[in-house]
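Peer 1: Structure incoming, see below.
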Amino acid sequence: MADNKLIIANWKSNKNPTQAAQWQTQFRELVKSDQYQYVICPPSYLLSQLQPSDHDRYVLGVQDVSPFEAGAYTGEIAASLLAELGVQYALVGHSERRKYLGETSRLVAQKAELAAAAQITPIVCLDRDQIQEQADQIPRSLWSQIIIAYEPVHAISTFGGHEDPIETTLQVIADIHDTFGDNTRVLYGGSVNTQNSLAYLNQPSIAGVLVGGTSLDAEQFVKL
Ligand code: PGA
């Protein structure tokens, strides 16, 4: 299971409890194979509701994590607290947070360090011009424990949805491996859908996909 490719749902700030329950029911009915490791990253207020049972073929992730330990940090959720809810993965540095909330590569690295310390695997999202600056901020000892999600900003559906040609994607992923080492798993994200997902998932150098828009529909999501 550990080596299965990852398919990660990033619901962003979507779904009320009823919609989340419907999605979960549909996903349970439709998902058939153990070929992929599915990770659902809902808005954090849904984490308790979506706790997987022993039979479920998904685990939970979060879309962000606090850059601080647990304590007096209003509005933040510390990695150590998320770990108690069974959270296994944390997106950090998503381009929407870098853009709308001004998150820097330094802050993203702090989040990644605290997630890793809580046994949550950080998924560090970046575009090609952030590879080196992000590597400079993350301690070398963590490089083989993190996952990188290469997400070209122009390819994210809400920022334009201009898919990268696969050759470009593979080149950037090779650059990421050159920087972080071959043991760092690298995902692709940006307008992944049922038409193009296998082009990414079939590449040996791509460890999985990070999916926004298409993940909101359970039926589409299991067809990736
Ligand atoms: P998208 O989003 O699949 O809707 O392009 C991906 C992401 O923002 O992680």
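Peer 1: Sort out which residues of region 106-126 are in a helix (DSSP H, G or I) and among the hydrophobic types (A, V, I, L, M, F, W, C), and write them in order of number.
Peer 2: Within region 106-126, Leu107, Val108, Ala109, Ala112, Leu114, Ala115, Ala116, Ala117 meet the criteria.
Peer 1: Find the residue count for region 3-20, including only residues that are more than 14 Å from the ligand (Cβ to nearest atom), farther than 21 Å from Asn202 by Cα and surrounded by 14 or more Cβ atoms within 10 Å (Cβ to Cβ).
Peer 2: Number satisfying all stated conditions: 2.
Peer 1: Oh, and also: Among the residues of region 56-109, what is the count of those that are over 21 Å from Phe159 (Cβ atoms), small (Gly, Ala, Ser) and within 16 Å of the ligand (Cβ to nearest atom)?
Peer 2: Number of matching residues: 2.
Peer 1: Taking region 190-216 only, how many residues are in a helix (DSSP H, G or I) and either over 15 Å from Ile156 (Cα atoms) or of a type in the set (Ser, Thr, Tyr) (or both)?
Peer 2: Going through region 190-216 one residue at a time, the tally reaches 7.
Peer 1: So which pairs qualify, if the first residue must be in region 199-224 and aromatic (Phe, Trp, Tyr), the second must be outside any helix (DSSP H, G or I) and more than 14 Å from the ligand (Cβ to nearest atom), the Cβ gap must be under 9 Å, and the two must be at least 6 apart or on different chains?
Peer 2: Correct list of pairs: Tyr200/Ile206; Phe221/Val31; Phe221/Tyr38.
Peer 1: How many residues are under 24 Å from Ser53 (Cβ atoms) and assigned to a strand (DSSP E or B) when one looks only at region 67-105?
Peer 2: Residues in region 67-105 being under 24 Å from Ser53 (Cβ atoms) and assigned to a strand (DSSP E or B): 3 in total.
Peer 1: Can you tell which of Ser215, Ser197, Ser144, Ser157 is on the phi < 0 side of the Ramachandran plot, within 16 Å of the ligand (Cβ to nearest atom) and touching a Ser or Thr at 6+ places or on another chain (Cβ under 7 Å)?
Peer 2: Ser157
Values in this text are rule-based calculations from the coordinates and carry no lab data. Remember, it's a predicted structure, so these values are computed and weren't measured experimentally. Here Cβ is always computed from backbone atoms with ideal geometry, including for glycine, and neighbour counts include all displayed protein chains.
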